[in-house]
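What follows draws every value from the coordinates through simple rules; no lab data is involved. Just so it is clear, the structure is predicted and the values come from calculations on it, not from any experiment. Cβ: placed from backbone, ideal geometry, glycine included. Neighbour counts: every protein chain shown.
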Amino acid sequence: MASRHHHHVYVVLLSKDVLYEAKFRKCNPGYDPAKPCVYVGMTGLSPDDRFDKHKAGIRANKFVRLYGQRLLPELYECYNPMPYAAARDMEVELAIGLREAGYGVWQA
């Protein structure tokens with residue numbers, strides 16, 4: 001019996017204040033200041049629920065908790081939902097693609 005695909009990739013817009021974090025800057029040497037800074041993640045929850053948990057400090061990424069502003073569904077909705085393995089791979093591919101396009105990207 002096939003399980004229902006319920007994993008998602010998601011992208012969170014981060015405040016440009018994240019650029020004060022040396023760790024973030026170091027991971028984004030090709031950052032284009034005209035582009036946004038984002039966090040790319042994957043979850044078995046809905047992206048909205050996962051974002052709320054980040055902001056509440058529940059299994060939160062520090063950069064999302066401190067600098068997360070809102071979700072950017074235009075960058076990920078077309079991929080969701082998907083099986084776990086596909087979401088795991090897509091999280092990495094999406095982060096790489098956005099970084100190559102000049103975005104400041106954090107992907108844990």
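Quick notes on this structure:
- Each residue in the range 83-108 was checked for being under 24 Å from residue 22 (Cα atoms) and surrounded by fewer than 18 Cβ atoms within 10 Å (Cβ to Cβ), and 8 of them qualify.
- Residue ID - farthest from the chain's Cα centre (by Cα), chosen from residues in the range 71-82 that are loosely packed, with under 14 Cβ neighbours inside 10 Å and not acidic (Asp, Glu): 78
- Checking each residue in the range 37-59 for being crowded, with 16+ Cβ neighbours inside 10 Å and farther than 20 Å from residue 80 by Cβ picks out only 37.
- Matching residues, the range 12-34, being surrounded by 15 or more Cβ atoms within 10 Å (Cβ to Cβ) and either of a type in the set (D, E, K, R) or not in a loop (DSSP other than H, G, I, E, B) (or both): 12, 13, 14, 18, 19, 21, 24
- Test result for residue 23, out of contact with any helix residue (DSSP H, G or I) (no Cβ under 7 Å at 6 or more places or on another chain), of a type in the set (Lys, Arg) and either under 23 Å from residue 90 (Cβ atoms) or in contact (Cβ under 8 Å) with a residue 12 or more places away in the chain (or both): no
- All positions within the range 67-90 that are under 12 Å from residue 10 (Cβ atoms), part of a helix (DSSP H, G or I) and aromatic (Phe, Trp, Tyr): 79
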